[in-house]
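**Student:** The structure follows.
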Amino acid sequence: MVGVRLEHVTKRYGKVVAVDDVSLEVKEGEFFVLLGPSGCGKTTTLRIIAGLEEPDEGRVFFGEEDVTRLPPGKRKISMVFQSYAVWPHMKVYDNIALPLKVQGYPPEEIERRVREAARLVQIEDLLDRYPQQLSGGQRQRVAVARALAVTPRVLLMDEPLSNLDALLRVQARAELKRLQRDTRLTTIYVTHDQVEAMVLADRVAVMNRGRVLQVGPPEEIYSKPSSRFVAHFIGSPPINLFEGTVTPRGVDVGFVVLPVGAGSLEEYSGKRVIVGIRPEDVHLTASPGFIEVEGSVWVTENLGGEYVVLVSVGDVILRARSREKPESERVKVYLDPSKLHFFDKETEARIF
Ligand code: ATP
């Protein structure tokens, strides 16, 4: 098992810069998630780590070893794809055993490893079946068992849960997390699903347009997003974003002037900024020190245990999370002043 390091990796396809000067360090034993919208370069980054693509610039290290030009077969990695790629004409046992046979393990060692991998993903009683006799979730486990059996230095996963239905996905997600914690395999996992990333990752790298925008533990990315893009991409229901002008009294957002700490936005005086506040920091019940505004309920969404209430305030629709359903159309809304985010309107970078 090793850590993985990318140094200034760039990959172009003609005019498209799929991966743009990416530097990353994945620690040994870490569950690391590459997260971003479709086309942001996550899969290409993973394929470069696997050796399936060669970068135009930059270098890839496994531990201290430079593997940039090493072919995939020599990297001692395993990869699990969205499609699972299990062989239909082979029994589950042989599916898991094949990579071990290819690598020349002795028969008794193959047997031991197949059974251990099957035990880890709880498919010991399915070893005699063919893939078409399995459910989607079971097939996915076969793919994971096959990846684990060779004891890879690094485990790479590209959207491995996306072919499962919603309920199974939630269950498989928890199992993967548990499995990684038990095996402590260095794992790099690609997804566009921010909830999956938050649940699975020790650390997340948020990507957009080939670039890494922020790397950190999920909690940090959620509570201190480094840009408007990251703030908006992470969090469901999404963060409230609106614009305001910096004045001596605070940030004037039209429906209220938000008091901000003296001097903290001094260099933005008279300029427009982007303000963000997460729905859970917008309350329908009063708390001391919160900023009170009034509005009318536009729509109420029932999420089961709680509601998301969309409140029209001035020109803005604010999302609030609430345990109670609002009783009247006119409501008072309370913003937690310590949970406001401010972003530069031009660069969209976090101000504070
Ligand atoms: P998705 O979530 O949709 O799989 P992604 O974030 O994994 O997207 P990549 O597959 O890495 O994104 O693609 C990044 C960019 O590179 C995209 O614009 C894509 O169209 C382009 N690209 C990827 N592979 C190739 C290729 N073989 N030839 C040309 N362009 C490519």
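The values are calculated or read from the model by the stated rules, or taken from the named source; none is laboratory data. These numbers come from a predicted model, not from an experiment. Using ideal geometry, Cβ is built from the backbone for each residue, glycine included, and neighbour counts are taken over all protein chains shown. Calculation scope for accessible area: heavy atoms of the full protein, side chains included, ligands and nucleic acids excluded. Shrake-Rupley method; radii C 1.70, N 1.55, O 1.52, S 1.80 Å.
**Student:** How many residues are more than 9 Å from the ligand (Cβ to nearest atom), hydrophobic (A, V, I, L, M, F, W, C) and under 16 Å from E53 (Cβ atoms) if we restrict to region 1-18?
**Tutor:** 3
**Student:** Sort out which residues of region 231-283 are in a helix (DSSP H, G or I), open to solvent by 40 Å² or more (accessible area, probe 1.4 Å) and either closer than 18 Å to D315 by Cβ or among the acidic types (D, E) (or both), and write them in order of number.
**Tutor:** Answer for region 231-283, where residues must be in a helix (DSSP H, G or I), open to solvent by 40 Å² or more (accessible area, probe 1.4 Å) and either closer than 18 Å to D315 by Cβ or among the acidic types (D, E) (or both): E266, E267, E280.
**Student:** Something else now. Just to check your reading of the model, which residue among E327, E301 is open to solvent by 50 Å² or more (accessible area, probe 1.4 Å) and more than 31 Å from the chain's Cα centre (by Cα)?
**Tutor:** E327
**Student:** Please go through region 29-59 and pick out each residue that is part of a loop (DSSP other than H, G, I, E, B) and of a type in the set (G, A, S).
**Tutor:** Answer for region 29-59, where residues must be part of a loop (DSSP other than H, G, I, E, B) and of a type in the set (G, A, S): G29, G36, S38, G39, G41, G51.
**Student:** Has region 19-28 got any residue that is in a loop (DSSP other than H, G, I, E, B) and within 13 Å of the ligand (Cβ to nearest atom)?
**Tutor:** no
**Student:** For residues in region 141-198 being open to solvent by 30 Å² or more (accessible area, probe 1.4 Å) and not in a helix (DSSP H, G or I), which is nearest to the ligand (Cβ to nearest atom)?
**Tutor:** H192
**Student:** Name the pairs: first residue in region 38-49 and on the phi < 0 side of the Ramachandran plot, second residue more than 6 Å from the ligand (Cβ to nearest atom) and among the aromatic types (F, W, Y), Cβ to Cβ under 9 Å, at least 6 apart or on different chains?
**Tutor:** Within 9 Å, the pairs are L46/Y189; I49/F62.
**Student:** Scan region 29-56 for residues that are within 10 Å of the ligand (Cβ to nearest atom) and within 17 Å of Q214 (Cβ to Cβ) and report the count.
**Tutor:** Looking only at that region, the number is 8.
**Student:** So, one more: Hey, does region 57-72 have a residue that's within 14 Å of the ligand (Cβ to nearest atom), touching a residue at least 24 places away in the same chain (Cβ under 8 Å) and open to solvent by 10 Å² or more (accessible area, probe 1.4 Å)?
**Tutor:** no
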